[in-house]
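What follows is a set of notes on a single structure, which appears directly below.
Every read-out reported here was derived from the displayed coordinates using simple, explicitly stated rules and does not represent laboratory data. Everything numeric here is computed off the predicted structure, so don't read it as measured data. Ideal geometry is used to build each Cβ from the backbone, glycine not excepted, and the neighbour counts take in all protein chains shown.
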2 protein chains.
Amino acid sequence: MSDHTPNTVIQSRDRLLKTAKTLHMAVWHEDDTGAHLEQGQAPFIRQDGHFYIYSSHLSAHIRGMLAGGTASFMLIEDEATAQNIWARIRLKFSAEIIEIGRNDVQFGVICDRIGAVHGNVMQVIRDFSDFHLFQITPTEGVLVTGFAAAYQLEGDAFEIKAHLRSD
Amino acid sequence: MSDHTPNTVIQSRDRLLKTAKTLHMAVWHEDDTGAHLEQGQAPFIRQDGHFYIYSSHLSAHIRGMLAGGTASFMLIEDEATAQNIWARIRLKFSAEIIEIGRNDVQFGVICDRIGAVHGNVMQVIRDFSDFHLFQITPTEGVLVTGFAAAYQLEGDAFEIKAHLRSD
């Protein structure tokens, strides 16, 4: 339905994708000790439709992702930037998750790019063995731009497919 | 262990509690259609150790909460405010959740206070029947103030109990 989508909605999506620096994650997983619902976030880069993050398994949500748990992702504008605190612009999505191993040819290239975007911390943590590089490829999602303004998204380009009654 | 907790950690906790305007939620629930992992956020007020939010069941995470799903909550500083984008200060917690009905004597008082803090939108949505008032009382949590700086929290005052190796 992109032809009928207001330009302001497309602009909101694109501005959020351009300005957001961190990816929020919620992860559900079950193991011998029970069921766990965890939240976290990490600086990301986005390239060719893939998000990449580099995070430590000392965080429970990363352990959950490594264990094959169910994950949900979100970008959201800052509180201070939001025109209306009741309707922060946000983009929620599900994704395919792949860990890129340290021996993969892509590993160094992507770590370099994360460092270029997010600073020197990357040089410090790059060799820490508790950190993992993930490729996160969106499959479907929802963009919320205000009250009664939710839009169904499809694919890694977040193509706008429909105006939703609920999010 | 509060006696041994660095003042900067206590200050980080208190500053986040004072400045954060919205509460992040992750909710897991299962129904006839399958299992659902949802994220959302809402403006809150905090009073006597309780958080209060007023949100619509048109959002899937609110439907999940109403259905008795498992919920996890988070406060997090803005990206723009974070000194280090790799370590945004955040406070994650689990909680007891109670819906306060429209006939409850507290309903009007709390809605007034939410409106006073978060503006005129409250007057518009106050009578919308898809909105629900929730009282959210923290039970335990984790404060993260940086790399290797995670602290176990207990109770609705977020008392700092221990320095953790992981979060």
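Which net charge results for the neighbourhood of residue A:40, defined as the other residues with beta-carbon distances under 11 angstrom from its beta-carbon, given Lys and Arg at +1 and Asp and Glu at -1? Intermediate values should be presented prior to the final figure.
Details: positive: A:63, B:88, B:90, B:92; negative: A:38, B:167.
It works out to a net charge of +2.
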With θ taken as phi - 60° and the coefficients 6.51, -1.76 and 1.60, list the Karplus ³J(HN,Hα) couplings across the range B:94-104 in order, rounded to whole Hz; mark glycine and proline as x. 9, 7, 8, 10, 10, 8, 9, x, 5, 8, 5
Surface/4 estimate of mean projected area, convex hull on alpha-carbon atoms of chain B, nm²: 10.8
Using Cβ contacts closer than 10 Å as the measure, can you line up B:136, A:10 from fewest to most? A:10, B:136
Taking alpha-carbon centroids only, the range B:11-26 lies from the range A:80-128 a number of Å equal to 23
Quick one: with label points 7 Å out along Cα→Cβ, list the inter-copy distances for residue A:130 in nm, shortest first? 4.4
Residue by residue through B:69-75, how many Cβ atoms from other chains fall within 10 Å of the Cβ on average? 3
Lysine pairs in the protein assembly as shown with Cα distance under 16 Å, only those 8 or more apart or on different chains: how many are there? 6
Estimated [θ] at 222 nm from DSSP helical runs (n ≥ 4, -39500 (n - 2.57)) normalised by residues in chain A, nearest 500: -7000 deg cm²/dmol
Karplus-derived 3J(HN,Hα), 6.51/-1.76/1.60, for each residue of the range A:18-25, Hz, glycine and proline x: 7, 9, 5, 9, 10, 10, 7, 9
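Using the C-alpha gyration tensor of the protein assembly as shown, what are the square roots of 5 times its eigenvalues, in whole angstrom, with the largest one first?
With the √(5λ) rule applied to the protein assembly as shown, the semi-axes are 30, 26, 18 Å.
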Could you list B:104, A:48, A:31, B:167 in order of exposure, starting from the residue whose Cβ has the fewest other Cβ atoms within 10 Å? A:48, A:31, B:104, B:167
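Counting other beta carbons within 10 Å of each Cβ, put B:91, A:66, A:16 in order, fewest first.
Values: B:91 23, A:66 15, A:16 20.
Final ranking by Cβ density, sparse to dense: A:66, A:16, B:91.
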